[in-house]
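Before any comments, here is the structure.
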Amino acid sequence: MNTVGKDMLARRVPRRAVAGALALSLAACSVSVGIGIGVGDDAMIDTGNAAVAAAAGFDTVLALAGPGIGIADDPLRIAPGERPRRGLAPGSFDWIEKTAPLRAGAQPVSGGRFSSQQTLGCESGSAQVRAMFTNSVLFSAGDTIALDAAACRFGGVRFDGALAITVIAASGFPGTSAAWSARVSIDYSGWRTETVALPVQARTVSGRAVLDGERFDGLNAGVRFDSPSLAIDPVVLGATRPRQSIDTLWLRLVDGAGDDTVETDFDLADTRFAGGDLARIRVRSHGLLALPGPAPASPLGTLLVSAPDNSAVYANALDATRIRLELDRYLDGLIDATLSTSWSALRAP
C-alpha cells in the first residue's frame, strides 16, 4: 500500500476528551454495541463520533473518485446513446483525452514547438484552450495545456474555472487511440464541476496534483493521483458543505466494464472539525473499494479512519443500506466496540 507522506501510525499525542460539539448520537443510527465492550472517553475516535469520522471519509472518497463529478470521473458512467459522452468532460483524465488531439491543428512556432489556441464547442458556454506542444504527433514531455471554462456544459454537467496541465512523461495518442499513458502535473484554479439538474451537486477544487493516467483499451483505464495538497469545496443536494483540505493524497481508480475499484490513502482536514480531536484524520482503503454505478451509488468495502492518537474506526459498507463500524482504540487489531448503522443515518444532518 502507499507510503506517501508521514506515517500517522507513528504519531502519538496525549489522550484527551472528545469535544462535545463533535459528539453524534448514534441512537439515531441503529447502533448496536458489543456486550461488555466500550471505548474510553479519552479516545479521539469513540462511540460518540465514529459515524462522523466514517461519513467524512466516505464523502471525501466520493468527491475524489466519483461516480458522478469527482476529480477522476469515469467515462463508463455515461448512459448508452448519450451524445456527446459526458465522460469527455468532467474528470481531469477526460479533459486530457479531449484537449490532446488539438495538436493536429497546432501551428509551428520558434524553437520547433507547436502552438494551439482554440475554443472548444461546448453545448453552452465556452472553454478556451491555450496549448504548446513539443511535436505535432505524440503527447510528449514538456507539452502544456491551459484550459479556461466559462459555464461550459456537456450533457448534464457544467464547468467553470481553470486547469493548467504540464506533461511530465507520456506515450501514445490520448483521445485518438485505444491505448496510451501519461504522467502530468495539474494546477486547479477554482475548478468547479456541477450538475445542471437540481438539486445541484458540485465540487470546486484548488491546488496541485500529479496524475498518472493509462488507457488500456477502449473501455478500461487506470487513474492515479498523488498530491501534496488539494482544497475541495463541496455542494451536496444544493447545500454548500464545509471546505475539505486533502494532503499527501494517494488514489488509484481503475475503470471496469462493471464496477470500478479504488484504493486511496490521504490526510483530511475538514473545517467542520477545526479545533477538535478530528481536526485531522487519516483515511485509507482497507483492501479494494468498489464504486458501483450509476450515481448516486455509494462505495462498498472498508475504510480505515484514524486519528492522531491512533484511535480508529473500520467502516465497512456491506451493501447499499448497511454499514458496520468497528472501533479499534489503539489500532492494534483488537476491536473495542462494534456499531451498526446505515447510509441514510450516516448522512443525516
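Values for this structure:
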{"read-out": "Sparse-neighbourhood loop sites, trypsin sites (Lys or Arg not before Pro) in region 299-349 - DSSP loop, at most 16 other Cβ within 10 angstrom", "value": "347"}
{"read-out": "Kirkwood Rh (inverse of mean 1/r, distinct Cα pairs), region 93-190, angstrom", "value": "13.7 Å"}
{"read-out": "Sorted peptide list for 42-51, 164-173, 281-290, criterion being average Cβ within 10 angstrom, highest first", "value": "42-51, 281-290, 164-173"}
{"read-out": "Inter-label distance for residue 290 and residue 162, nm, one decimal - labels placed 7 Å from Cα along Cα-to-Cβ", "value": "4.3 nm"}
{"read-out": "Residue 179-residue 239 FRET efficiency (beta carbon distance; Förster radius 35 Å; 0.05 resolution)", "value": "0.25"}
{"read-out": "Theoretical gain in end-to-end length, residue 187 to residue 231 [0.36 nm per residue, Cα-Cα removed]", "value": "14.7 nm"}
{"read-out": "Cut-off 9 Å between beta-carbons: net charge of the residues surrounding residue 179, Lys and Arg +1, Asp and Glu -1", "value": "-1"}
{"read-out": "Formal net charge of residues neighbouring residue 225 (Cβ-Cβ distance under 9 Å; K, R +1; D, E -1)", "value": "0"}
{"read-out": "Largest to smallest accessible area among 102, 219 [probe 1.4 Å]", "value": "219, 102"}
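The values are calculated or read from the model by the stated rules, or taken from the named source; none is laboratory data. Computed from a prediction, not measured in an experiment: that's the story for all the values here. Don't worry about glycine lacking a Cβ; one is built from the backbone with ideal geometry, like all the others, and counts go over all protein chains shown. Just the protein is used for accessible areas: all its heavy atoms, side chains included, with ligands, DNA and RNA removed. Shrake-Rupley method; radii C 1.70, N 1.55, O 1.52, S 1.80 Å.
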